[in-house]
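Report on one structure; see the data block that follows.
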Amino acid sequence: MISIPDLIGIVKAAVPDADVNVMDKTGMSDHFIIHVVSASFEELGIMDRHRKVQDALNPAMADGRVHAAEIKTAVP
């Protein structure tokens, strides 16, 4: 399990200018919907945006703190 503030910190470490919103999808603190808005995404396609966020989440997924993450990305 992981807290929402910790999860936001992980994403913001990878995408410092991001506005990050996280919702606990199941109430069990291991399935999340993560919405990331960043100007740095302007030059990236949707798959590259998602990979950037997914790469940041991989350690938390590998050690079991995050079981599933639905990632949504956008530019401001």
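Can you report the number of residues in the range 13-45 which are in a loop (DSSP other than H, G, I, E, B), acidic (Asp, Glu) and closer than 19 Å to Ser3 by Cβ?
Of the residues in the range 13-45, 1 are in a loop (DSSP other than H, G, I, E, B), acidic (Asp, Glu) and closer than 19 Å to Ser3 by Cβ.
Looking at (1) over 14 Å from Ala74 (Cα atoms); (2) among the hydrophobic types (A, V, I, L, M, F, W, C); (3) open to solvent by 40 Å² or more (accessible area, probe 1.4 Å), can you tell me which one Ala39 breaks?
Tallying (1) over 14 Å from Ala74 (Cα atoms); (2) among the hydrophobic types (A, V, I, L, M, F, W, C); (3) open to solvent by 40 Å² or more (accessible area, probe 1.4 Å), Ala39 fails exactly one: (1).
Among the numbered criteria (1) within 14 Å of Glu70 (Cα to Cα); (2) outside any helix (DSSP H, G or I); (3) in contact (Cβ under 8 Å) with a residue 24 or more places away in the chain, which single criterion is violated by Arg49?
With (1) within 14 Å of Glu70 (Cα to Cα); (2) outside any helix (DSSP H, G or I); (3) in contact (Cβ under 8 Å) with a residue 24 or more places away in the chain applied to Arg49, the lone miss is (2).
Being in contact (Cβ under 8 Å) with a residue 12 or more places away in the chain and of a type in the set (Asp, Glu) is the filter; apply it to the range 52-76 and report the residue that is least open to solvent (accessible area, probe 1.4 Å).
The selected residue is Glu70.
Identify, please: which residue in the range 15-56 is at pLDDT below 95 and acidic (Asp, Glu) and is, among those, farthest from the chain's Cα centre (by Cα)?
Here the answer is Glu43.
Among the residues of the range 21-36 satisfying the criterion of being of a type in the set (D, E, K, R) and open to solvent by less than 50 Å² (accessible area, probe 1.4 Å), which is nearest to Ala74 (Cα to Cα)?
Among them, the one singled out is Asp24.
The values are calculated or read from the model by the stated rules, or taken from the named source; none is laboratory data. Values in this document were obtained by computation on a predicted structure and should not be read as measured data. So basically every Cβ, Gly included, is an ideal-geometry build from the backbone, and we count neighbours across all protein chains shown. The accessibility values were calculated without ligands, DNA or RNA, using every heavy atom of the protein model including side chains. Shrake-Rupley method; radii C 1.70, N 1.55, O 1.52, S 1.80 Å.
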